[in-house]
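Take a look at the structure set out below.
The values are calculated or read from the model by the stated rules, or taken from the named source; none is laboratory data. Keep in mind it's a predicted model, so treat the numbers as computed, not measured. Here Cβ is always computed from backbone atoms with ideal geometry, including for glycine, and neighbour counts include all displayed protein chains. Quick note on the areas: whole protein, heavy atoms, side chains included, nothing else; ligands and nucleic acids left out. Shrake-Rupley method; radii C 1.70, N 1.55, O 1.52, S 1.80 Å.
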Amino acid sequence: MFIVLRLLFVIAVLGIAYCAFKYQRSKDPSWLRIIKWILYSTLGLLVIFFVGLVVERLWVG
(Lines give C-alpha, C1' and ligand atoms only; values in the text may rest on other atoms or scores of the structure.)
Protein backbone atom coordinates (compact mmCIF):
# COMPACT_ATOMS: atom_id res chain seq x y z
CA MET A 1 0.00 0.00 0.00
CA PHE A 2 2.86 2.37 0.72
CA ILE A 3 4.28 1.78 -2.75
CA VAL A 4 0.95 2.94 -4.16
CA LEU A 5 1.06 6.04 -1.94
CA ARG A 6 4.57 6.89 -3.07
CA LEU A 7 3.61 6.40 -6.71
CA LEU A 8 0.55 8.63 -6.31
CA PHE A 9 2.65 11.34 -4.67
CA VAL A 10 5.19 11.24 -7.46
CA ILE A 11 2.45 11.48 -10.06
CA ALA A 12 0.78 14.32 -8.13
CA VAL A 13 4.03 16.27 -7.80
CA LEU A 14 4.81 15.83 -11.49
CA GLY A 15 1.27 16.87 -12.42
CA ILE A 16 1.43 19.97 -10.23
CA ALA A 17 4.84 20.90 -11.64
CA TYR A 18 3.57 20.51 -15.20
CA CYS A 19 0.46 22.60 -14.48
CA ALA A 20 2.55 25.29 -12.74
CA PHE A 21 4.88 25.43 -15.74
CA LYS A 22 1.94 25.76 -18.13
CA TYR A 23 0.32 28.40 -15.90
CA GLN A 24 3.51 30.48 -15.85
CA ARG A 25 3.60 30.48 -19.63
CA SER A 26 -0.06 31.13 -20.40
CA LYS A 27 -1.53 32.72 -17.22
CA ASP A 28 -4.68 30.71 -17.90
CA PRO A 29 -6.66 30.21 -14.65
CA SER A 30 -7.80 26.76 -15.74
CA TRP A 31 -4.34 25.45 -14.81
CA LEU A 32 -4.90 26.67 -11.25
CA ARG A 33 -8.18 24.75 -11.13
CA ILE A 34 -6.38 21.62 -12.26
CA ILE A 35 -3.75 22.12 -9.54
CA LYS A 36 -6.51 22.47 -6.93
CA TRP A 37 -8.19 19.35 -8.26
CA ILE A 38 -4.93 17.39 -7.98
CA LEU A 39 -4.33 18.64 -4.43
CA TYR A 40 -7.86 17.85 -3.27
CA SER A 41 -7.74 14.41 -4.88
CA THR A 42 -4.43 13.65 -3.20
CA LEU A 43 -5.74 14.77 0.19
CA GLY A 44 -8.87 12.68 -0.28
CA LEU A 45 -6.84 9.59 -1.11
CA LEU A 46 -4.64 10.21 1.94
CA VAL A 47 -7.70 10.32 4.17
CA ILE A 48 -9.01 7.08 2.67
CA PHE A 49 -5.66 5.34 3.14
CA PHE A 50 -5.34 6.66 6.70
CA VAL A 51 -8.81 5.44 7.65
CA GLY A 52 -8.00 2.08 6.07
CA LEU A 53 -4.79 1.80 8.07
CA VAL A 54 -6.57 2.71 11.32
CA VAL A 55 -9.34 0.20 10.71
CA GLU A 56 -6.84 -2.51 9.79
CA ARG A 57 -4.76 -1.73 12.90
CA LEU A 58 -7.81 -1.89 15.18
CA TRP A 59 -9.15 -5.15 13.78
CA VAL A 60 -5.85 -6.98 13.35
CA GLY A 61 -3.90 -5.62 16.31
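Under a crude label model (7 Å from the Cα following the beta-carbon direction), how far is L58 from R25 in nanometres?
It works out to 4.8 nm between the two label points.
I need the phi-derived Karplus couplings for region 31-36: 6.51 cos²θ - 1.76 cosθ + 1.60, θ = phi - 60°, integer Hz, Gly and Pro marked x.
Couplings: 5, 5, 5, 5, 4, 4 Hz.
Quick check: residue separation of F49 and L32 times 0.36 nm, minus the Cα distance between them. What number comes out in nm?
Between F49 and L32, full extension yields an extra 3.5 nm.
Using helices alone, I'd like the mean residue ellipticity at 222 nm for the chain: each DSSP H run of four-plus residues gives -39500 (n - 2.57), total over residue count, nearest 500. Don't skip to the end; give the middle numbers.
Working: 2 runs with 57 residues, N = 61.
Theoretical 222 nm ellipticity from helices: -33500 deg cm²/dmol.
Hey, if you put +1 on the Cβ of every Lys and Arg and -1 on every Asp and Glu Cβ in the chain, which of A20, L53, V4 ends up farthest toward the positive end of that dipole?
Final value for the positive-end residue is A20.
Just to confirm, what accessible area per residue do you get for the chain at 1.4 Å probe, in whole Å²?
86
Report, to the nearest whole %, how much of the accessible area of the chain belongs to carbon and sulfur atoms, 1.4 Å probe, protein only. Before the final figure, lay out the partial values.
Working: 3890 of 5220 Å².
Solvent-exposed carbon and sulfur of the chain make up 75 percent of the total.
If you wrap a convex hull around the C-alpha atoms of the chain and split its volume per residue, what is the figure in Å³?
So the per-residue hull volume is 50 Å³.
Would you look at the GNM of the chain, springs on alpha carbons closer than 10 Å, and say which of I16, I38, I48 moves the most?
Comparing I16, I38, I48 in the GNM, the peak value goes to I48.
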